[in-house]
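K.L.:
Before we start, here is the structure in question, set down as structure tokens.
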Amino acid sequence: MDFDTPLFDFSLAEAWIRAIAAAVEKEQARLTELDSAIGDGDHGSNLQRGFTAALTALDDLQPAGPGAVLTKTGTTLISKVGGASGPLYGKAFRAVGAALPEPADPATVAEALSAGLDAIRTLGKARPGDKTIVDAWTPAVAAFRHAAATGAALPEAAAAAAEAADQGARDTVPLQARKGRASYLGERSIGHQDPGATSTALLFRTLADVTAG
């Protein structure tokens with residue numbers, strides 16, 4: 001491992017969760033608007049409650065590996081967030097955290113993010129094209145992994161993942177939902193951006209922001 005390359009450590013993991021909480025607070029109304037069109041209308045408020053609780057949980061967390069931050073966040077989301085987003089994001093963060101016991105280089109972070117995607121797909125049974133979180137998380141992981149494999153540092157890999165997640169979220173607009181509450185609408189779900197994919201894009205955008213410094 002090249003220790004001249006910035007590593008994903010405890011401080012960066014904590015900064016990421018705090019940045020997510022701030023972004024969710026700022027974008028809560030938009031997430032709620034998107035979810036009101038094809039869901040229960042509570043995606044924004046659920047995530048805001050969950051990440052606010054995660055911040056409180058992190059206040060009592062002793063410095064350790066980055067995985068401790070993400071595991072604590074995941075556990076908190078599972079216990080505090082209703083609907084589908086709590087278990088899905090909670091399991092994802094726990095899986096990412098389990099793969100990051102120590103400060104990690106970009107290649108290791110890529111595999112951890114892939115573990116998070118696997119957790120989401122195992123729980124939600126969704127595939128790309130189903131108009132879900134998976135549609136943003138999948139291209140983000142692919143972009144992060146590709147950047148890491150070509151020697152990109154953490155900020156560059158995270159930026160590539162953020163761009164891919166943003167595009168993945170936008171690409172859900174013409175899709176018909178095949179999973180979750182939106183699937184009940186059938187063709188009426190077409191023309192709306194998926195709220196879960198949108199919040200996933202927020203997660204990766206904040207990761208890019210905090211790694212850029």
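The values are calculated or read from the model by the stated rules, or taken from the named source; none is laboratory data. Since this is a predicted model, take the numbers as computed values, not measurements. Neighbour counts run over all protein chains shown; Cβ positions are idealised from the backbone, glycine included. Heavy atoms of the whole protein, side chains included, go into the accessibility calculation; ligands, DNA and RNA do not. Shrake-Rupley method; radii C 1.70, N 1.55, O 1.52, S 1.80 Å.
K.L.:
Only residues in the stretch 176-195 that are touching a residue at least 24 places away in the same chain (Cβ under 8 Å) count as the first member; pair them with residues that are small (Gly, Ala, Ser) and open to solvent by 40 Å² or more (accessible area, probe 1.4 Å), Cβ under 8 angstrom, at least 6 apart or cross-chain, and list the lot.
P.N.:
Pairs that qualify, where the first residue is touching a residue at least 24 places away in the same chain (Cβ under 8 Å) and the partner is small (Gly, Ala, Ser) and open to solvent by 40 Å² or more (accessible area, probe 1.4 Å), are 180/84; 181/84; 192/37.
Condition check ((1) at pLDDT below 95; (2) among the hydroxyl-bearing types (Ser, Thr, Tyr); (3) open to solvent by 50 Å² or more (accessible area, probe 1.4 Å)) across all residues:
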| position | (1), (2), (3) |
| --- | --- |
| 3 | yes, no, yes |
| 8 | no, no, no |
| 12 | no, no, no |
| 15 | no, no, no |
| 19 | no, no, no |
| 23 | no, no, no |
| 26 | no, no, yes |
| 34 | no, no, no |
| 41 | yes, no, no |
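K.L.:
I would also like to ask the following. Does any residue of the stretch 10-32 turn out to be closer than 23 Å to residue 69 by Cα, hydrophobic (A, V, I, L, M, F, W, C) and touching an Asp or Glu at 6+ places or on another chain (Cβ under 7 Å)?
P.N.:
yes
K.L.:
Could you list, in sequence order, all residues of the stretch 119-151 that are surrounded by fewer than 19 Cβ atoms within 10 Å (Cβ to Cβ), in contact with a helix residue (DSSP H, G or I) (Cβ under 8 Å, 6 or more places away or on another chain) and assigned to a loop (DSSP other than H, G, I, E, B)?
P.N.:
Once the filter is applied, which keeps residues that are surrounded by fewer than 19 Cβ atoms within 10 Å (Cβ to Cβ), in contact with a helix residue (DSSP H, G or I) (Cβ under 8 Å, 6 or more places away or on another chain) and assigned to a loop (DSSP other than H, G, I, E, B), the stretch 119-151 yields 127, 128, 129.
K.L.:
Another question, then. Restricting to the stretch 44-67, what's the tally of residues that are open to solvent by 20 Å² or more (accessible area, probe 1.4 Å) and either more than 30 Å from residue 187 (Cβ to Cβ) or of a type outside the set (Gly, Ala, Ser) (or both)?
P.N.:
Let us first name the residues in the stretch 44-67 that are open to solvent by 20 Å² or more (accessible area, probe 1.4 Å), namely 45, 48-49, 52-53, 55-57, 59-64.
Within this subset, residues satisfying the condition of being either more than 30 Å from residue 187 (Cβ to Cβ) or of a type outside the set (Gly, Ala, Ser) (or both) are 48-49, 52-53, 55-57, 59-64.
So the answer is 13.
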